[in-house]
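Notes follow the structure.
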Amino acid sequence: MAESPYDGTFLAPDSEEIEQQLAGLAPVDIVVGIPSYNEADCIGHVVRQADIGIREYFAGRRGVIVNVDNASPDGTREAFLTAGSRTAQVYISTPEAMRGKGRNFYNLLQAARLLEAKAVVAVDADLISIMPQWIRNLAAPVVDRGFDYITPIYARNEYDGSITNHICYPLLYGLLGKEIRQPIGGDFGFSVRFAEHLLRRRWAESTFEYGIDIFMTLNALLGGFSVAQTSLGAKIHKPSAPKLGPMFSQVVTTLFSYLSAHREEWSLRGPARRPARLDGIDVLEPQGLALDYKAIKRTALHQYASARDRLTRYLSPQVDAQVERLVDTGRMRLGPTLWSHVVYDLLHAFGSGRGRARTSTIEALKSIFFLRAASFYRSTLDLDHAESEAKIERQARVFRRERTYLSEKR
């Protein structure tokens with residue numbers, strides 16, 4: 001892993017000017033950060049909802065809304081600054097050609113430190129369903145109750161967030177015994193104490209990109225911070241399918257790196273625990289999401305065929321044979337028990353490898369991940385949201401039950 005870039009300055013061409021601007025605003029109670037890249041069409045709505053949330057629920061307290069951007073060429077900066085907020089606004093951008101959500105978060109953490117914030121809220125820039133109550137639900141537990149890290153619970157379509165549903169959520173539950181339903185949800189609340197902790201950590205390249213969300217959640221869980229979850233209602237945002245490939249690699253590389261480096265934290269005894277669930281917005285039916293099962297199946301079979309030899313190197317012979325048989329039948333039945341063994345085999349291979357071997361392991365998992373997604377889709381076609389969600393939760397319990405399959409490899 002690379003060292004954190006933290007040296008007291010921003011990843012920005014105008015670092016001194018930004019520091020002076022923030023110094024004139026400090027201290028504040030709440031910072032709302034909006035990481036972005038090319039979100040001119042959506043960011044204004046997010047700013048206005050954040051502004052109302054700060055003024056309505058934290059009257060008498062000082063707030064700042066910070067857009068941490070990647071030098072978006074589409075006018076994101078202008079859309080942010082002209083959104084009509086009555087709360088103070090600050091725009092911070094990385095240099096041109098320096099991208100990555102994690103780099104935006106680094107600038108947000110640095111801003112929160114300089115602003116001496118009591119609570120930081122981070123929300124996605126492409127949110128359609130955000131409401132002022134989101135700011136209350138994510139910030140109030142930090143400001144008023146002393147929590148360090150707040151993760152969201154959404155009414156989210158069961159086919160949206162597949163990396164969460166089939167890898168991050170079940171692995172955190174299975175190995176760490178922590179039932180965090182949305183560990184990479186994108187919308188968080190946290191204390192400045194936790195922000196300073198993150199600035200002192202070691203960051204991998206994947207952390208500077210889409211790996212930042214799981215990096216934060218793992219540090220909260222493994223660093224002894226007080227964690228809670230809050231309901232935000234439905235999450236409706238722009239589709240992320242075009243980002244799925246790089247997002248998968250960066251998120252899972254960060255997750256596997258941390259799990260491999262903290263084997264002593266893998267809990268083999270005792271029950272799994274669910275962090276506190278705080279009162280929030282009622283979780284209703286999520287938005288619909290139309291998918292083409294035949295196209296998903298074709299993609300899954302193509303991805304598997306392209307990585308067949310690589311998978312044979314990393315999967316145990318028994319698991320490899322089981323997967324090969326189900327593919328030969330053409331029927332998508334990669335169930336949760338077999339899937340847990342696939343993931344555990346590849347996590348073990350990742351932990352035993354170095355450099356390119358680790359990259360190869362992640363690519364192997366990506367190739368078979370589509371088989372699991374297609375299998376889940378096929379098995380839930382006739383189910384409602386609550387029944388599908390129950391299947392996702394049962395899968396996490398399977399990962400917990402099957403953790404001895406991995407421990408026996410150590």
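Every residue, every condition in (1) within 20 Å of VAL120 (Cβ to Cβ); (2) of a type outside the set (A, V, I, L, M); (3) modelled with pLDDT under 90, yes or no:
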residue: MET216; (1), (2), (3): yes, no, no
residue: LYS235; (1), (2), (3): yes, yes, yes
residue: LYS243; (1), (2), (3): no, yes, yes
residue: HIS262; (1), (2), (3): no, yes, no
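Given the condition out of contact with any His (no Cβ under 7 Å at 6 or more places or on another chain), farther than 23 Å from ARG401 by Cβ and among the hydroxyl-bearing types (Ser, Thr, Tyr), answer yes or no: does some residue in the range 259-271 qualify?
Within the range 259-271, the subset out of contact with any His (no Cβ under 7 Å at 6 or more places or on another chain) is 259-271.
So of that shortlist, the ones also farther than 23 Å from ARG401 by Cβ come out as 261.
The next check asks that each one be among the hydroxyl-bearing types (Ser, Thr, Tyr); those that pass are none.
For the range 259-271, residues out of contact with any His (no Cβ under 7 Å at 6 or more places or on another chain), farther than 23 Å from ARG401 by Cβ and among the hydroxyl-bearing types (Ser, Thr, Tyr): absent.
Which of the following residues is closer than 29 Å to GLY288 by Cα, aromatic (Phe, Trp, Tyr) and not assigned by TED's automatic domain parsing to the domain that holds GLY177: PHE370, PHE350?
PHE370
Being closer than 30 Å to SER375 by Cα, surrounded by fewer than 19 Cβ atoms within 10 Å (Cβ to Cβ) and either over 11 Å from the mean Cα position of the chain (by Cα) or of a type in the set (S, T, N, Q) (or both): is that true of TYR173 here?
Working: closer than 30 Å to SER375 by Cα: yes; surrounded by fewer than 19 Cβ atoms within 10 Å (Cβ to Cβ): no; either over 11 Å from the mean Cα position of the chain (by Cα) or of a type in the set (S, T, N, Q) (or both): yes.
No: the conditions fail for TYR173.
Have a look at SER231, SER249, SER226 and point out the one that is in contact with a helix residue (DSSP H, G or I) (Cβ under 7 Å, 6 or more places away or on another chain) and of a type in the set (S, T, N, Q).
On the way: SER231 fails: in contact with a helix residue (DSSP H, G or I) (Cβ under 7 Å, 6 or more places away or on another chain); SER226 fails: in contact with a helix residue (DSSP H, G or I) (Cβ under 7 Å, 6 or more places away or on another chain).
Selected residue: SER249, the only one of SER231, SER249, SER226 that is in contact with a helix residue (DSSP H, G or I) (Cβ under 7 Å, 6 or more places away or on another chain) and of a type in the set (S, T, N, Q).
All but one of (1) in contact with a Pro (Cβ under 9 Å, 6 or more places away or on another chain); (2) of a type in the set (A, V, I, L, M); (3) under 25 Å from ASP279 (Cα atoms) hold for LEU108; which doesn't?
Failed condition: (3).
Where in the range 167-274 are the helices (runs of 4 or more DSSP H), entirely inside, with at least 1 residues that are under 16 Å from ASP148 (Cβ atoms) and of a type outside the set (A, V, I, L, M, F, W, C)?
Working: elements: 192-199, 212-222, 244-261.
Correct list: 192-199, 212-222.
In the range 146-166, which residues are within 28 Å of ILE30 (Cβ to Cβ) and either in contact (Cβ under 8 Å) with a residue 24 or more places away in the chain or outside any helix (DSSP H, G or I) (or both)?
The first filter runs over the range 146-166 and keeps only residues within 28 Å of ILE30 (Cβ to Cβ), leaving 146-156, 161, 164.
Passing the criteria: GLY146, PHE147, ASP148, TYR149, ILE150, THR151, PRO152, ILE153, TYR154, ALA155, ARG156, GLY161.
Which of the numbered conditions does ASP345 fail, given that it passes all the others? Conditions: (1) at pLDDT 95 or above; (2) of a type in the set (Asp, Glu); (3) surrounded by fewer than 16 Cβ atoms within 10 Å (Cβ to Cβ).
Every condition holds for ASP345 apart from (3).
Considering only the range 374-397, I want to know if a residue exists there that is outside any helix (DSSP H, G or I) and either in contact with a helix residue (DSSP H, G or I) (Cβ under 7 Å, 6 or more places away or on another chain) or buried (at least 16 other Cβ atoms within 10 Å of the Cβ) (or both). Can you show your working first?
Of the residues in the range 374-397, the ones outside any helix (DSSP H, G or I) are 381-384.
With the extra rule that they be either in contact with a helix residue (DSSP H, G or I) (Cβ under 7 Å, 6 or more places away or on another chain) or buried (at least 16 other Cβ atoms within 10 Å of the Cβ) (or both), the set shrinks to none.
Taking every residue of the range 374-397 in turn, none turns out to be outside any helix (DSSP H, G or I) and either in contact with a helix residue (DSSP H, G or I) (Cβ under 7 Å, 6 or more places away or on another chain) or buried (at least 16 other Cβ atoms within 10 Å of the Cβ) (or both).
Considering only the range 275-298, how many residues are part of a loop (DSSP other than H, G, I, E, B), surrounded by 13 or more Cβ atoms within 10 Å (Cβ to Cβ) and not aliphatic (A, V, I, L, M)?
Residues of the range 275-298 part of a loop (DSSP other than H, G, I, E, B): 275, 282-292.
From what's left, surrounded by 13 or more Cβ atoms within 10 Å (Cβ to Cβ): 275, 283, 286-287, 291.
Cutting the leftovers down to not aliphatic (A, V, I, L, M) gives us 275, 286-287.
Of the residues in that region, 3 qualify.
For ARG136, are the conditions met, namely being charged (D, E, K, R) and not in a loop (DSSP other than H, G, I, E, B)? Don't jump to the end; show me each part of the working.
Working: charged (D, E, K, R): yes; not in a loop (DSSP other than H, G, I, E, B): yes.
The answer is yes for ARG136.
Does any residue of the range 365-387 turn out to be hydrophobic (A, V, I, L, M, F, W, C) and without any contact (Cβ under 8 Å) to a residue 24 or more places away in the chain?
If we filter the range 365-387 for residues that are hydrophobic (A, V, I, L, M, F, W, C), which is where we start, we get 365, 368-371, 373-374, 376, 381, 383, 386.
With without any contact (Cβ under 8 Å) to a residue 24 or more places away in the chain added as a condition, the list becomes 383, 386.
The answer is yes, given that some residue of the range 365-387 is hydrophobic (A, V, I, L, M, F, W, C) and without any contact (Cβ under 8 Å) to a residue 24 or more places away in the chain.
Taking the options GLY100, GLY75, GLY44, GLY60, name whichever one is within 30 Å of ARG277 (Cβ to Cβ) and small (Gly, Ala, Ser).
Working: GLY100 fails: within 30 Å of ARG277 (Cβ to Cβ); GLY75 fails: within 30 Å of ARG277 (Cβ to Cβ); GLY44 fails: within 30 Å of ARG277 (Cβ to Cβ).
Among GLY100, GLY75, GLY44, GLY60, only GLY60 is within 30 Å of ARG277 (Cβ to Cβ) and small (Gly, Ala, Ser).
Of everything in the range 299-326 that's part of a loop (DSSP other than H, G, I, E, B) and hydrophobic (A, V, I, L, M, F, W, C), which residue is nearest to ASP345 (Cα to Cα)?
Let us first name the residues in the range 299-326 that are part of a loop (DSSP other than H, G, I, E, B), namely 307, 315-316.
Still in the running and hydrophobic (A, V, I, L, M, F, W, C): 307, 315.
Numbers: ALA307: 15, LEU315: 6 Å.
Per the stated criteria, the residue is LEU315.
Here are THR76, THR82: which of them is of a type in the set (Val, Ile, Thr) and over 25 Å from the mean Cα position of the chain (by Cα)?
Values: THR76 fails: over 25 Å from the mean Cα position of the chain (by Cα).
So the residue among THR76, THR82 that is of a type in the set (Val, Ile, Thr) and over 25 Å from the mean Cα position of the chain (by Cα) is THR82.
From the list VAL31, VAL47, pick out the single residue that is of a type in the set (A, V, I, L, M), modelled with pLDDT of 95 or more, touching a Phe, Trp or Tyr at 6+ places or on another chain (Cβ under 7 Å) and in the same structural domain as ARG86 (by TED's automatic domain parsing). Working first, answer last.
On the way: VAL31 fails: touching a Phe, Trp or Tyr at 6+ places or on another chain (Cβ under 7 Å).
Exactly one of VAL31, VAL47 is of a type in the set (A, V, I, L, M), modelled with pLDDT of 95 or more, touching a Phe, Trp or Tyr at 6+ places or on another chain (Cβ under 7 Å) and in the same structural domain as ARG86 (by TED's automatic domain parsing), namely VAL47.
So, in the range 184-204, of the ones that are over 16 Å from VAL123 (Cα atoms) and under 16 Å from the mean Cα position of the chain (by Cα), which residue ends up surrounded by the fewest Cβ atoms within 10 Å (Cβ to Cβ)?
My answer is ALA204.
The values are calculated or read from the model by the stated rules, or taken from the named source; none is laboratory data. Remember, predicted model here, so these are calculated numbers, not experimental data. Backbone-built Cβ (ideal geometry, glycine too); neighbour counts: all protein chains shown.
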